[in-house]
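What follows is a set of notes on a single structure, which appears directly below.
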Amino acid sequence: MDPVTFAFAVAAAVATFAIAAGAVGREARRLDALAPRAVYDPDEAASFVADLLPASTQARLTPAELDSLLRLHLRWMHHHGLQPRDVIDRRQDIVERVVAAEEVLVAHLLGGATAAGVEVLDDVDVLHVVRAHLAYFEAIGAVGPSASDMAS
């Protein structure tokens, strides 16, 4: 092989690698600045939450009642800005901390359950639903750190 041809082949290979590395690096930086894509599937959420509930709570809540409680929780989140619109390829711009305390969620769901016609036989059932729903959000990557993590 001619030395000039060999030099051009090596130069082309190096240039190709440099261009590819630059493109991959640029995309990695761009994707790092974007909010993670957490996809909430209502059927998957209901199944996930139902599986985590204690047997006593499962016996007292029907699937329709569980679905109503999950929807009430989602509405509460939307009302407090925790479900923004247009989050795909949106830069992370969280400027103020929002803390979702279990006690506040339980109180809201207990009040909303009555209005939605959901008969809650034991208040602890709502607490179990809230904890399981939050566990689902954590499993899909849709929650930030806990308040105790942020304090340290």
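Can you pull the percent of the stretch 13-55's accessible area that's carbon plus sulfur, 1.4 Å probe, other chains left in place?
Roughly 66 percent of what the probe reaches on the stretch 13-55 is carbon or sulfur.
What is the gain in length, in nm to one decimal, between residue 123 and residue 7 on full extension, counting 0.36 nm per residue of separation less the C-alpha to C-alpha distance?
34.1 nm
Could you go through the stretch 110-116 in sequence order and give the Karplus-derived ³J(HN,Hα) for each residue, using 6.51 cos²θ - 1.76 cosθ + 1.60 with θ = phi - 60°, rounded to whole Hz, and x for Gly and Pro?
Residue by residue, the stretch 110-116 yields 5, x, x, 5, 4, 5, 8 Hz.
What trypsin sites (Lys or Arg not before Pro) in the stretch 9-61 are in a loop by DSSP, with at most 14 other Cβ atoms within 10 Å of the Cβ?
Passing both the DSSP loop test and the Cβ count: 37.
Step through the residues of the stretch 66-75 one at a time and calculate ³J(HN,Hα) from phi using the Karplus curve (6.51 cos²θ - 1.76 cosθ + 1.60, θ = phi - 60°), rounding each to whole Hz and writing x for Gly and Pro.
Each residue's phi maps through the Karplus curve to give 4, 4, 4, 5, 5, 5, 4, 5, 4, 5 Hz.
Tell me the per residue accessible area of the stretch 15-78 using a 1.4 Å probe; a whole number in Å² is fine.
Here the residues of the stretch 15-78 average 65 Å² of exposed surface.
The values are calculated or read from the model by the stated rules, or taken from the named source; none is laboratory data. This structure is a prediction, so every number in the text was calculated from the model and none was measured. FYI the Cβ positions are ideal-geometry reconstructions off the backbone, even for glycines, and counts take in every protein chain you see. When the accessible area is computed, the model is the full protein with side chains, heavy atoms only, and any ligands, DNA or RNA have been set aside. Shrake-Rupley method; radii C 1.70, N 1.55, O 1.52, S 1.80 Å.
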